[in-house]
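**Student:** Have a look at the structure that comes next, please.
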There are 2 protein chains.
Amino acid sequence: MRAYFDQQLDLLKDEMVYMGGLCEDAIQLTVDALLNGDIKRAKTINNMMSQISQQERSIENICLKLLMQQQPVARDLRTISAALKMVTDMERIGIQACEIAEIISVGNIEQATDKVDFQKISDAVSNMVHMSLQAFGDKDMELANEVLKYDDVVDNLFCDIRGDLIGRLKSGSNEAEYLMDMMMIDKYFERIGDHAVNIAKWVNFSITGEIEIVE
Amino acid sequence: MRAYFDQQLDLLKDEMVYMGGLCEDAIQLTVDALLNGDIKRAKTINNMMSQISQQERSIENICLKLLMQQQPVARDLRTISAALKMVTDMERIGIQACEIAEIISVGNIEQATDKVDFQKISDAVSNMVHMSLQAFGDKDMELANEVLKYDDVVDNLFCDIRGDLIGRLKSGSNEAEYLMDMMMIDKYFERIGDHAVNIAKWVNFSITGEIEIVE
């Protein structure tokens, strides 16, 4: 019985790692499309998103089956319920990536004369997502706490870009629509960072049993 | 055993209704503060948000206990797993309300000469949230489907406000920061509508067993 349970827990972990990979791919695709203005690439995100949603469903099923058939306790229970909540944050990461891709697809970016630089913030949130999922796979609290520290970095990068955008608008830029879109993209990156923070908090919960999700 | 299970299911329903009430209060508080520029009121949202998060945790606990101790099947299982997912959307509604309140708290709105009108979109999303939670309480698929139809209404209202904001920016408004904030508030209202749609979809899932969450 325990052997089967452990095997199912390993399966859960593998599926989480796989979903994490999909989320990282979605961010990478979006970032590439954004930094290179690759509209064609941006439009392929929807296939990726349906895979992510599908993966969320199948992980939910694994978790619910484990909870119902195996009645786990203590740390196993925490791992499963953490996974059940983490997939929601992982799916939201995919959704934020889709929102960015959608803005790119419209194509205003192509015409922009002075492109906004999202390199730093996109690197930062990509790292946060990668680290938070790594921390889950390795049950690594230290790494999870690294992600929490990163949150301020992303918030500062978000504010820098926001300030730049507002400055341009005040100076009477004739690219109001483009700058408004860039404001949204800035926010979506910040949100991806928030979801990575939630994942890291669920990792800590799965290890310590303590949780404090504040966004 | 069944009697205890039914009693726990009733408790779950009551707790969901209570959390729904908190979410509606949070939106109402935010809308009042926004429409009347009541900064003092906006600052009280954080207490409400911590209640919402607390309520999410306690509902998660009820759901997990029911899943583990009672091993429900079919419709009961769907109701419980739907509740487990719905609370995440409900908490996110609270978070969006907080984001709006935070912008109000900064106080740029007070100085705005020509305020943006959020009455229609805030009424629309408030209705969506109310209907979706009502639909869960009454297992009312018809009402849940009403919420799904409402989604286009909110998307159109979102686009109208966005167009207005971009128009103002293009005409060289000297209130770029205010208008950027209003763009974010517009988006937050749209997201609240999306979460109400998710809740409605989970209601349908709890009744039919079919789910399709696309945001």
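The values are calculated or read from the model by the stated rules, or taken from the named source; none is laboratory data. Nothing here was measured: the structure is a model prediction, and the numbers come from that model. Using ideal geometry, Cβ is built from the backbone for each residue, glycine included, and neighbour counts are taken over all protein chains shown. Heads up: the accessible areas ignore ligands, DNA and RNA and are worked out on the full protein's heavy atoms, side chains in. Shrake-Rupley method; radii C 1.70, N 1.55, O 1.52, S 1.80 Å.
**Student:** Alpha carbon centre of segment B:18-49 versus segment A:54-128: separation in Å?
**Tutor:** First find each Cα centre; the distance between them is then 28 Å.
**Student:** Another question, then. Taking chain A as a Gaussian network, where each spring joins two C-alpha atoms under 10 Å apart, which residue of A:Val73, A:Val31, A:Val17 fluctuates the most?
**Tutor:** Highest fluctuation of the listed residues: A:Val73.
**Student:** Grab the beta carbon distance between B:Asn36 and A:Tyr18, set R0 = 30 Å, and tell me the FRET efficiency rounded to 0.05.
**Tutor:** Calculated transfer efficiency: 0.05.
**Student:** Extending each Cα 7 Å along its Cβ direction at B:Asn61 and A:Asp155, get the distance between those two points in nm, one decimal.
**Tutor:** My value for the distance between the label points is 2.8 nm.
**Student:** Let me ask you something else. What accessible surface, in Å², does a 1.4 Å probe find on A:Ile62, ignoring ligands, DNA and RNA and rounding to the nearest 10?
**Tutor:** A:Ile62 has an accessible surface of roughly 20 Å² with all protein chains in place.
**Student:** Evaluated at 25 °C with a viscosity of 0.890 mPa s, what Stokes-Einstein diffusion coefficient in µm²/s does segment B:2-208 have when Rh comes from the Kirkwood expression over alpha-carbon pairs?
**Tutor:** So the translational diffusion coefficient is about 138 µm²/s.
**Student:** Please go through segment B:52-93 and write out the trypsin sites (Lys or Arg not before Pro) that DSSP classes as loop and that have at most 14 other C-beta atoms within 10 Å.
**Tutor:** none
**Student:** If each of A:Asp25 and B:Phe5 carries a label point 7 Å out from its Cα toward its Cβ, how far apart are those two points in nm?
**Tutor:** 4.0 nm
**Student:** If each DSSP helix of 4+ residues adds -39,500 (n - 2.57) and the sum is divided by the residues in chain B, what number results at 222 nm, nearest 500 deg cm²/dmol?
**Tutor:** -30000 deg cm²/dmol
**Student:** Still on this structure, I have one more. Under a straight-distance cross-link criterion of Cα-Cα below 29 Å, which lysines are reachable from A:Lys65, leaving out those fewer than 8 residues away in the same chain?
**Tutor:** A:Lys13, A:Lys85, A:Lys139, A:Lys201, B:Lys13, B:Lys65, B:Lys85, B:Lys139, B:Lys201
**Student:** Can you pull the mean other chain C-beta count within 10 Å for peptide B:166-177?
**Tutor:** Numbers: counts 6, 2, 1, 9, 6, 1, 6, 4, 3, 2, 11, 7.
For peptide B:166-177, the averaged partner shielding equals 5.
**Student:** Also, I was wondering about something else. Measuring from label point to label point, each 7 Å out along Cα→Cβ, what is the A:Glu142 to B:Lys115 span in nm?
**Tutor:** A separation of 5.4 nm, rounded to one decimal place.
**Student:** For segment A:2-208, give the magnitude of the charge dipole about the Cα centre (Cβ charges: +1 Lys/Arg, -1 Asp/Glu; no others), in debye to the nearest 20.
**Tutor:** Working: 21 positive and 34 negative charges, 116 e Å.
Approximately 560 debye in magnitude.
**Student:** Another question about this same structure. Going Cα to Cα from B:Lys170, which lysines come in below 16 Å? Please leave out same-chain ones fewer than 8 positions away.
**Tutor:** In chain and number order, the partners are A:Lys170.
**Student:** How large is the accessible surface of B:Thr88 in square angstrom, using a 1.4 angstrom probe and rounding to the nearest 10?
**Tutor:** 10 Å²
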